[in-house]
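I have a structure I would like to understand better, so I am pasting it below and will then ask my questions one at a time.
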Amino acid sequence: MAAKVLSLLPPLLLAAAGLAGLLLLCVPTRDVREPPSLKYGIVLDAGSSHTSMFIYKWPADKENDTGIVGQHSSCDVR
């Protein structure tokens, strides 16, 4: 009796997995977009002798439109 049940187990598991896969294909999905954690700003300082580019970053979820701005990187061009 136990051997008969064990022989039916693999086909039943395969059928259950196939049914679960078909059900998952029918479930509607949508993209969930997370808000960015940082915002960036670029400042170009163009002078007569050289041009500099500065990239700044700050937290995107700043309170009362205030936040700590930090310099991310800079580049000097002649």
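Please list, ordered by first then second residue, the pairs with beta carbon atoms under 7 Å, 6 or more apart or interchain, first in the stretch 33-60 and farther than 17 Å from residue 74 by Cβ, second among the hydroxyl-bearing types (Ser, Thr, Tyr) and surrounded by 13 or more Cβ atoms within 10 Å (Cβ to Cβ).
Taking only residues 6 or more apart or on different chains, not a single pair turns up.
Just name the residue that is surrounded by the fewest Cβ atoms within 10 Å (Cβ to Cβ) out of those in the stretch 23-78 that are touching a strand residue (DSSP E or B) at 6+ places or on another chain (Cβ under 9 Å) and outside any strand (DSSP E or B).
78
At pLDDT below 85 and outside any helix (DSSP H, G or I) - does that describe any residue in the stretch 8-21?
No, the stretch 8-21 contains no residue that is at pLDDT below 85 and outside any helix (DSSP H, G or I).
The values are calculated or read from the model by the stated rules, or taken from the named source; none is laboratory data. Not measured: the values here are computed from a predicted model. For neighbour counting, all protein chains shown are included, and Cβ atoms are generated from backbone atoms with ideal geometry for every residue, glycine included.
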